[in-house]
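Written out below as C-alpha cells is the structure these notes cover.
The values are calculated or read from the model by the stated rules, or taken from the named source; none is laboratory data. What you see is a predicted model, and the numbers here were worked out from it, not measured in a lab. Here the Cβ is made from the backbone with ideal geometry for all residues, glycine too, and neighbour counts use every protein chain on show.
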Amino acid sequence: MSLIRYAYRLSLLCLLFQPYSLLAETNSSPLEIETIAHNLGVPWGMALLPDNSMLITQREGILSRLDLATGGLSSITGLPRIKVKGQGGLFDVAIPPNYPSTGWIYFSYSKDIEGNGATTLSRAKVSHGQLQEWHDLITTQSTTRTNVHYGGRISFDHDGHVFLTVGERGVRQNAQNLLNHAGSILRLNLDGSIPDNNPFINAEKALNEIWSYGHRNPQGMFFNVQTKQLWAIEHGPRGGDEINLIQAGHNYGWPTISYGQEYNKDIPVGIATSQEGMDQPVKTYVPSIAPSGLIQYSGIAFPHWKNNLLTGSLKLRHLNRIVLSDNNHVTDEIRLLRKVQGRIRNVIEDAKGWIYISTDDGRIVRIRPKD
C-alpha cells in the first residue's frame, strides 16, 4: 500500500471517530449496582425464566440456575461433551417466544469434531435440575485448528426463526466463502429446519442456512421484535469493532474491508474501508473496546435509554450505551459502569427494564434505578 493511500485512510479514520472520542463516561441517573452472584467462572450467557430465576452458562461447560428472589444457585446436569479450549466452550442460552407452551431452551457450544471445535446450536428441556431431550439442531461447518472466534450468540425473531452467529474461526477467508458457515449469521426454523425464504436457499455455491456473511467474530446479537430489525456487534482485529444492522443476504466485508489494523504491524487490514456490494457498519470503534453481548433497550426503568443499544466491553470494562436517531444513525455514546471493574461479557434486560450484566471474573450484576 502506498504511503499516500495509507495517510488517506488514517485521516479518514480520524474524521470518522473524532466525534465519539471524548464523550461522557458517567450517567446522569443514579444507579443501584448490586452483585447478585459470583464465582461463576466465565458466565457467557444469561436467560430469564418465568419463575423469577435465571439460567447461566459458564464457558467452562457448566449450567446453573439462579433464584433471583433468594440468590440461591443450583447446578443443572445433562450437558453433552463440550470442547473447552481457548475461546471455546459452552456459549449462549436463550428462551424462545414459544417457551411457555413447549419448554424448549436453546444453547450454543463448541462441539468436538475429530479434535476441532464446531459452533453448534442445540435445544433441550429442564426438569428437576436436569436437561432432557437434548438435540443438536445444527453442527456448523466451521471447524478449524484454531480455538478462537466461535461467535455463538442466539436470538429469535418471534416469527418462528432462530438466529446464530458463527465467527470465522481465525481463518479470514472463511468469511467470504459461502460454502462454509464460518463468518456468518445463520437463520433456522425453531425445529432446526431451513426456512424456504432464506436468501441463499436456491444458490448452488452457498449453504442454505446462511442469512448474512462477511463477519469476523460476532459475539452480540439482538432482534428487535417491534422494528423487525436484527442487530449484531463483532470484534475487529486491532480497532474496527463493528455494530451492524443485518440484512438478509448482505455481505459485511470482512476481511476485504475493515477499519482495523494488523496485530503485528501498523498497516490496515483489507484493501479499503469500503467497497461496492459490502455493507458499512452503523458504528465502528477505533481503538477497539472488544464488545460482547448486545440488546436494544425497551424498558421503562430508564426511559431516556429507550431504543439505545447496550453492549458490554471486555477490553475497556464498561457498558457502552449507543444513542440512535430515528434512521439508526449514531448520535451519541456514553460509557457506563466503570466502577464495576470487570470485563463485561453479556447484557440482558428483564420485564421491569432492569439490566443484568455478567463479567469474566464470575459475577452477575443487577442495575436498576436507585430510587
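Values computed for the structure shown
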quantity	calculated
In the stretch 148-167, residue surrounded by the most Cβ atoms within 10 Å (Cβ to Cβ) [restricted to those that are in a strand (DSSP E or B) and touching a residue at least 60 places away in the same chain (Cβ under 8 Å)]	Thr165
Selected residue (criterion: surrounded by the fewest Cβ atoms within 10 Å (Cβ to Cβ)) from residues of the stretch 204-236 that are in a loop (DSSP other than H, G, I, E, B) and in contact with a Leu (Cβ under 7 Å, 6 or more places away or on another chain)	Lys205
Total residues in the stretch 96-147, condition aliphatic (A, V, I, L, M), over 20 Å from Ser74 (Cβ atoms) and in contact (Cβ under 8 Å) with a residue 60 or more places away in the chain	2
Residue within the stretch 279-291 that is touching a residue at least 40 places away in the same chain (Cβ under 8 Å), on the phi < 0 side of the Ramachandran plot, touching a His at 6+ places or on another chain (Cβ under 8 Å) and part of a strand (DSSP E or B) present	yes
Residue match in the stretch 101-124 (condition: among the acidic types (Asp, Glu), part of a strand (DSSP E or B) and either out of contact with any Lys or Arg (no Cβ under 9 Å at 6 or more places or on another chain) or closer than 25 Å to Asp157 by Cα (or both))	no
Selection from the stretch 161-191 of residues that are under 18 Å from Ile257 (Cβ atoms) and of a type in the set (Ser, Thr, Tyr)	Ser184
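Matching residues to (1) among the small types (Gly, Ala, Ser); (2) at pLDDT below 95; (3) outside any loop (DSSP other than H, G, I, E, B):
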| site | (1), (2), (3) |
| --- | --- |
| Ala301 | yes, no, no |
| Asn307 | no, no, no |
| Leu310 | no, no, yes |
| Ile322 | no, no, yes |
| Asp326 | no, no, no |
| Asp332 | no, no, yes |
| Lys352 | no, no, no |
| Ile357 | no, no, yes |
| Val365 | no, no, yes |
